[in-house]
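**Student:** Let me begin by handing over the structure; questions about it come next.
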Amino acid sequence: MELSQETQFDTDTTMNQPPHEQFVSLLARHHSLIRGFIGTLLPHQTDADDVFQQTCLVLWRKWDTFDDTQSFTSWACGIAFYEVKNFQRVQSRDRHYFSDEILSLIAAQQSTSLPEAEHRQRALQNCIQKLDVESRKLIQDCYQGSHSIKEVAEQTGRSCEALYKKLSRLRLKLMDCMQQTLHSAEMGS
């Protein structure tokens, strides 16, 4: 049986780790995709955050049933789907939630795009790693941290306008890198 790229990458990077470290490593690597999947199924961010937290607990409880020849993200999103359904059943008196049929359609659509999203996320991470240290730190501070643009500008001694221009140039550089990376991967397939 041939493993998917994601599964092979996950297997290679977690192979020699104890089971609890494997779980933490895989969850850390794929949490944004799982959280994003849940976010597409629930209209309110706080609800999605609650369901994501519950999903993480269920994933941990069911970790010993995970088949490491399968995609961690697909397994986790399958569990997340049922956690969303359970959450909606409890919250069913609120008419702002999707019906089971709509929820299933959205989940099916999201599930088919997971491998592509994972591939794009890996390409982005690789492109970020290619940036110089200062640019990488700037990207992390502005997009992954909890600081406002104004705070980052003050910390780096730049004006907000100069920081926005720098970020715009970095986004273009990352976009070019990703397009080249993804195009190269397509040509190699």
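Read-outs throughout are calculated quantities, based only on the coordinates presented, and are distinct from any laboratory measurement. Everything quoted here is computed from the prediction, not taken from an experiment. Cβ: placed from backbone, ideal geometry, glycine included. Neighbour counts: every protein chain shown.
**Student:** For the chain, just give the cysteines left without a disulfide-compatible partner, judged by no other Cys Cβ under 4.7 Å.
**Tutor:** C56, C77, C142, C160
**Student:** Oh, and also: Show that you can apply the helix-only estimate: for the chain, add -39,500 (n - 2.57) for every DSSP H stretch of four or more residues, divide by all residues, and state [θ] at 222 nm to the nearest 500.
**Tutor:** -26000 deg cm²/dmol
**Student:** Follow-up question, since we're still on this one. Semi-axes of segment 117-175's equivalent ellipsoid from the Cα gyration tensor, sqrt of 5 times each eigenvalue, largest first, rounded to whole Å?
**Tutor:** Rounded to whole Å, the semi-axes are 22, 12, 10.
**Student:** Within 10 Å of each residue's Cβ, count the other Cβ atoms and sort M175, M187 from fewest upward.
**Tutor:** M187, M175
**Student:** Kindly express, to the nearest 10 degrees and within the range 0 to 90, the angle between helix 45-61's C-alpha long axis and the longest C-alpha principal axis of the chain.
**Tutor:** Roughly 60 degrees between the two axes.
**Student:** Right, another one. When Lys and Arg each count +1 and Asp and Glu each count -1, what net charge do the other residues less than 11 Å away from G145, Cβ to Cβ, add up to?
**Tutor:** Here the count lands on -1.
**Student:** Just to confirm a number: summing +1 for Lys and Arg and -1 for Asp and Glu over residues other than E83 whose beta-carbon lies under 13 angstrom from that of E83, what do you get?
**Tutor:** Here the count lands on +2.
**Student:** Which angle between 0 and 90 degrees, to the nearest 10, do you get for helix 19-41 versus the longest principal axis of the chain when only C-alpha atoms count?
**Tutor:** 90
**Student:** Give me the compactness ratio for segment 31-137, meaning the Cα radius of gyration over 2.2 N^0.38 Å.
**Tutor:** Compactness ratio reported: 1.22.
**Student:** A follow-up question, please. Mind ranking 101-112, 71-82 by how tightly packed they are, going by the mean number of other C-beta atoms within 10 angstrom, highest first?
**Tutor:** Output ranking for 101-112, 71-82: 71-82, 101-112.
**Student:** Any idea how far apart D64 and R89 come out in nm if each label point goes 7 Å out from Cα toward Cβ?
**Tutor:** My value for the distance between the label points is 2.5 nm.
**Student:** What distance in nm lies between label points placed 7 Å from Cα along the C-beta direction at E186 and R120?
**Tutor:** Those two pseudo-labels are separated by 1.3 nm.
**Student:** A further question follows. Which one of A162, Q179, I139 has its Cα pushed farthest toward the positive end of the charge dipole of segment 131-189, where Lys and Arg give +1 and Asp and Glu give -1 at the Cβ?
**Tutor:** Projecting each Cα onto the dipole axis, the largest value belongs to A162.
**Student:** What is the Cα radius of gyration of the chain over 2.2 N^0.38 Å, N being its residue count?
**Tutor:** Rg over 2.2 N^0.38 Å, computed on Cα atoms: 1.19.
**Student:** Sort 121-128, 145-152 for me by packing, meaning the mean count of neighbouring Cβ atoms within 10 Å per residue, highest on top.
**Tutor:** 121-128, 145-152
**Student:** Now for a different question. Can you count the Lys pairs in the chain whose Cα atoms are under 19 Å apart, with each pair 8 or more apart or on different chains?
**Tutor:** Count of close lysine pairs: 10.
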